[in-house]
Amino acid sequence: MNQSNSNPNSKMASLSSPTMATAAVPTQATMVAPFTGLRSTAAFPGTKKAENDFSSLPSNGGRVQCMKVWPPLGLKKYETLSYLPTLTEAQLAKEVDYLLRNKWVPCLEFELEHGFVYRENHRSPGYYDGRYWTMWKLPMFGCTDSAQVLKELNECKKEYPSAWIRIIGFDNVRQVQCISFIASKPDGF
């Protein structure tokens, strides 16, 4: 029998051999130094620009100099797709077709007073009024054509001309609402 295999000290000596020590060095060299605190900005070189130097303003190739933001007064955002102009009947049909292709159940809801989330009755965190709208009829289980949904939308608009109306898509397998978008708003909104 080989003596180096029978002596347990010889195994330990082979683990601390110089070849093993050099293998560990590259991993130690790539380690990140621990966080030692924030450094003063005085240590960084800086150039002070003149107050009227606009050379570093963002642009998209010179066509537009500044980006306009959405004005917060009088133009409320509602839900999905509310940043778009009012959808035409053909565009609504495409959205409903998407909903049906995903095997979601369409449903219509309407709101007569606000059309958006607000706070009136309670001030606790997480509570908002206007989250739940009145359902127009029952969910349209078994619906296979967007024309059926648009027909119901037009009936709801005829019954409540000053209402916000949204189309919702429910996934009846996962038991969740998957899509919701405003299909009709009152005049002036």
>> As a test question: what accessible area, to the nearest 10 Å², does Asp187 have when a 1.4 Å probe is rolled over all protein chains in place?
In response: 150
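Show Arg166, Arg174 ordered by accessible area, largest first, where the area counts protein heavy atoms only and the probe is 1.4 Å.
Values: Arg166 20, Arg174 145 Å².
Descending accessible area places them as Arg174, Arg166.
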> For Phe141, what is the net charge nearby, where nearby means another residue's Cβ is under 14 Å from its Cβ and Lys, Arg count +1, Asp, Glu -1?
Replying inline: -1
> Long-range amide H contacts for Trp136: which residues qualify at under 5 Å (H placed 1.01 Å from N, peptide plane, sequence gap of 5 or more or a different chain)?
Replying inline: Leu108, Glu109, Phe110
> Residue by residue through the range 156-165, which ³J(HN,Hα) values in whole Hz follow from phi under the Karplus form 6.51 cos²θ - 1.76 cosθ + 1.60 (θ = phi - 60°), with glycine and proline marked x?
Replying inline: 5, 5, 5, 6, 10, x, 9, 9, 7, 10
>> How much length would be gained if the chain were fully extended between Lys157 and Thr144, taking 0.36 nm per residue of separation minus their Cα-Cα distance, in nm to one decimal?
In response: 2.5 nm
> With respect to the cross-link table entries Lys137/Lys157; Lys137/Lys158; Lys103/Lys157; Lys94/Lys158; Lys103/Lys137, which display a Cα-Cα separation exceeding 18 Å?
Replying inline: Lys103/Lys157; Lys94/Lys158; Lys103/Lys137
> Counting only residues 5 or more places away or on other chains, whose amide H sits under 5 Å from the amide H of Cys178 once H atoms are built in the peptide plane?
Replying inline: Gly169, Phe170, Asp171
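The values are calculated or read from the model by the stated rules, or taken from the named source; none is laboratory data. From a predicted model like this one, the values you see are computed outputs, not experimental measurements. Virtual Cβ from ideal backbone geometry, glycine too; neighbours counted across all protein chains shown. The protein model used for the area step is the full one, side chains on, heavy atoms only, and it has no ligands, DNA or RNA in it. Shrake-Rupley method; radii C 1.70, N 1.55, O 1.52, S 1.80 Å.
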